[in-house]
Amino acid sequence: MIRGLVKSFQPYRVVEGNYRVWLDKNESPYDLPDWVKEEIFEELREMSFNRYPHITSMPARKAIADFYGISPNNVAVGNGGDELISYLVRLFEGNYIVTTPPTFGMYGFYAKLNEIPLVEVPLGEDFTIDGRAIAEKSKNSRAVFIASPNNPTGNLQPGEEIAEVLKTGKPVVLDEAYAEFSGGSLWKLIEEYENLVVLRTFSKAFGLAGVRAGYMLASEEVVDALYRVKSPFSVGIMTMASMVVMLRHTDLVEKRVRKIIEERERVRKKLGDLAYPSDANFLLVKLNAYEELLERGIVVRKLSGRLEGHIRVTVGRRWENEAFLRAVEEITGG
Ligand code: PMP
């Protein structure tokens, strides 16, 4: 009954248990303060729960567009960035998707689900992309997916290399899910390159992972195409109200981002040679200690393939990072 293709996917790995410290999903360690939640509830109180949400999410797109000083016609919102990726692999003409492993798994996941071949152009030794190699491999591609900062390696990709790929004219999805932690974004290039799609999310710096709120900035043509095929009501009123309210409180977001960056650098220093530099809210750590950390109540992300023997650790609150560092000290014997 079930298609072989579907059965070839692994079930989601659900980690459950009374672990003390969760540093496995690159979430914000800070929940929204009660006064912000109240503001969201106030917005929701005015809305009709019996009615479908706006079919093209205009209230949220307007709020995002105002924040960037662009037109809502250059903004699309999704039920998390993941939903947008699920469409972006299907939107453009061409034969295959180009990715740059090791990178975020959802590009390959949705390509495979849609029976779209993947062409992989691996990151270099220092985890940067090779723009020329990608450009060469992208000739008949539907789109190239580049994450910057990259997950799970944490590094920003060089602007010149990205420009090299953009110049091919092929659709480029620049996934900037962690941009707030990197001190830079290339979103303005959408004004220069019609083929650029910049993907962003409220799940990380904005602390809305549980709400499911992502968006993309792109040319009118691409946004229009997306809304021709997007599941009509996938962005609910909770998502829209949360986006609108959070954009009124970017000062709070910035304060928290600064704290997370400070903690990231503190933890990285303590880890010494074990940790790679990071432009995101997590660290790639050369330590084969997933199970030993779990035994100590600390959940991190175990990596495989080229990053076998590495873990990815989200930067948490200070006490969580301290618990992690103490456990690492125990495991490595100092
Ligand atoms: N892109 C990257 C690189 C990510 O790491 C994530 C979240 N893990 C996403 C996109 C999607 O996030 P969300 O669906 O929560 O918006």
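The table for this structure:
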quantity	calculated
Selection of trypsin sites (Lys or Arg not before Pro), the range 241-334, meeting DSSP coil and at most 16 other Cβ within 10 Å	248, 286, 317
Cα gyration tensor shape for the range 138-276, rounded if a/c is under 1.5, else prolate or oblate	oblate
Estimated [θ] at 222 nm from DSSP helical runs (n ≥ 4, -39500 (n - 2.57)) normalised by residues in the chain, nearest 500	-10500 deg cm²/dmol
Label zone at residue 319 (point 7 Å along Cα-to-Cβ), backbone N below 13 Å, the range 9-45	20-22
Residue 279 long-range amide H proximity, modeled H, under 5 Å	155, 156
Over the chain: Rg over Rh, Cα atoms, Kirkwood Rh	0.96
Given 188/286; 255/286; 25/188; 204/302, the pairs whose alpha carbons are separated by over 25 Å	188/286; 255/286; 25/188
Ranking of 22, 187, 35 by count of other Cβ atoms within 10 Å, fewest first	35, 22, 187
Gained length - residue 31 relative to residue 15, 0.36 nm times residue gap less alpha-carbon distance	3.7 nm
Packing-based exposure ordering (other Cβ within 10 Å, fewest first) of 67, 104	67, 104
Nitroxide proxy distance, nm - points 7 Å out along Cα→Cβ at residue 93 and residue 269	5.5 nm
Cα gyration tensor, the range 197-244 - rounded (a/c under 1.5), prolate or oblate	oblate
The range 50-246: antiparallel DSSP beta bridges as a percent of all, rounded to 5	35 percent
Sequence-separation-based contact order of the chain, relative, with Cα cut under 8 Å and 6+ spacing, percent	23 percent
Likely footprinting exposure, 211, 197, fewest C-beta neighbours within 10 Å first	211, 197
Label-point gap, in nm, between residue 5 and residue 209 - each point 7 angstrom along Cα→Cβ	3.0 nm
FRET efficiency estimate (nearest 0.05) - Cβ-Cβ, residue 233 to residue 331, R0 45 angstrom	0.40
Net charge of neighbours whose Cβ lies under 9 Å from the Cβ of residue 146, counting Lys and Arg as +1 and Asp and Glu as -1	-2
Computed FRET value (nearest 0.05) for residue 251 with residue 38, which takes r as the C-beta separation and R₀ as 22 Å	0.80
Relative contact order %, the range 50-246, counting alpha carbon pairs below 8 Å whose residues are six or more apart	27 percent
FRET efficiency for residue 118 and residue 71, using Cβ-Cβ distance with R0 set to 30 Å, rounded to 0.05	0.35
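Just so you know, all these numbers are worked out from the coordinates, no wet-lab data involved. Computed from a predicted structure; not experimentally measured. As a convention, Cβ positions derive from the backbone with ideal geometry for all residues, glycine included, and neighbour counts pool all protein chains shown.
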